[in-house]
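The next block holds one structure in the form of structure tokens; read it before the comments.
The values are calculated or read from the model by the stated rules, or taken from the named source; none is laboratory data. Here the structure is a predicted model, which is why all the values come from computation and not from measurement. Backbone-built Cβ (ideal geometry, glycine too); neighbour counts: all protein chains shown.
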């Protein structure tokens, strides 16, 4: 039985969340330190690009593929799909803002931090997440969150963002009552 979806945020609300996050990124910057937004593939990338477009100055934007930094890489039974890291600037001495769609267990962000630090030594790294759904397994905390949505293991949060998806929206998907999360749920892409 497919999950039941409930709309949490429509396109208008989605745009308002982006406006607020862009404002908070600028307000909390360090004077004199250049900002770069780095989206975590996949949906973090268009979110980062749209946030950068809302800031009234040129902002560098990159894309980060954390696949090879996953802590479950040796446990998957298929070859991972690499989408590539595209960061066409030095991260040294930059205020790097990692951008992701959903903050869940913290494992994706742990991998992203490792990947960024392999590229250089930023002045600091901040985290912006469109949605925080809780259930942290690693002590990771976002510096700015669009929405906090309390969930349980029978639910997940789906962020749909243009141009990857046909519409901007956030939905809560409820799984069937007999759903049991697999032991490695936190390590996969399920949100």
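Here are some conditions: (1) crowded, with 20+ Cβ neighbours inside 10 Å; (2) under 17 Å from the mean Cα position of the chain (by Cα). Residue 86 meets all but one. Which one does it not meet?
(1)
Search region 43-57 for residues that are at negative phi and at pLDDT 95 or above and pair each with any residue that is in a loop (DSSP other than H, G, I, E, B) and crowded, with 17+ Cβ neighbours inside 10 Å when their beta-carbon atoms are under 7 Å apart and the residues are at least 6 apart or on different chains.
Filtered contacts from region 43-57: 43/161; 46/161; 47/161; 52/59.
Going by what's in this entry, would residue 100 be described as closer than 20 Å to residue 138 by Cα, touching a residue at least 24 places away in the same chain (Cβ under 8 Å), buried (at least 21 other Cβ atoms within 10 Å of the Cβ) and in contact with a helix residue (DSSP H, G or I) (Cβ under 7 Å, 6 or more places away or on another chain)?
yes
Look at residue 113 and say whether it is under 15 Å from the mean Cα position of the chain (by Cα), outside any helix (DSSP H, G or I), crowded, with 16+ Cβ neighbours inside 10 Å and without any contact (Cβ under 8 Å) to a residue 40 or more places away in the chain.
So residue 113 does not fit the description; no.
On the given criteria, is residue 61 part of a strand (DSSP E or B), touching a helix residue (DSSP H, G or I) at 6+ places or on another chain (Cβ under 8 Å) and either surrounded by 13 or more Cβ atoms within 10 Å (Cβ to Cβ) or free of Cβ contacts under 8 Å to residues at least 60 places away in the same chain (or both)?
yes
Which residues, taken from region 148-162, are under 16 Å from the mean Cα position of the chain (by Cα) and over 16 Å from residue 5 (Cβ atoms)?
148, 162
Can residue 108 be described as out of contact with any helix residue (DSSP H, G or I) (no Cβ under 7 Å at 6 or more places or on another chain) and without any contact (Cβ under 8 Å) to a residue 60 or more places away in the chain?
no
Could you tell me which of the residues 83, 110 is at pLDDT below 95 and out of contact with any strand residue (DSSP E or B) (no Cβ under 7 Å at 6 or more places or on another chain)?
On the way: 110 fails: at pLDDT below 95.
None of the others qualify; the one that does is 83.
Quick check on my filter: what residues within region 1-28 are at pLDDT below 95, assigned to a loop (DSSP other than H, G, I, E, B) and either crowded, with 19+ Cβ neighbours inside 10 Å or in contact with a strand residue (DSSP E or B) (Cβ under 8 Å, 6 or more places away or on another chain) (or both)?
3
Can you spot a residue in region 75-82 that is surrounded by 14 or more Cβ atoms within 10 Å (Cβ to Cβ) and either within 18 Å of the chain's Cα centre (by Cα) or not in a helix (DSSP H, G or I) (or both)? Explain how you work it out, then say what you get.
So the first thing to find is which residues in region 75-82 are surrounded by 14 or more Cβ atoms within 10 Å (Cβ to Cβ), and the list is none.
Within region 75-82 (the criterion being surrounded by 14 or more Cβ atoms within 10 Å (Cβ to Cβ) and either within 18 Å of the chain's Cα centre (by Cα) or not in a helix (DSSP H, G or I) (or both)), the answer is no, since none of the residues qualifies.
Has region 155-164 got at least one residue that is more than 17 Å from residue 41 (Cα to Cα) and part of a strand (DSSP E or B)?
Looking through region 155-164, at least one residue is more than 17 Å from residue 41 (Cα to Cα) and part of a strand (DSSP E or B).
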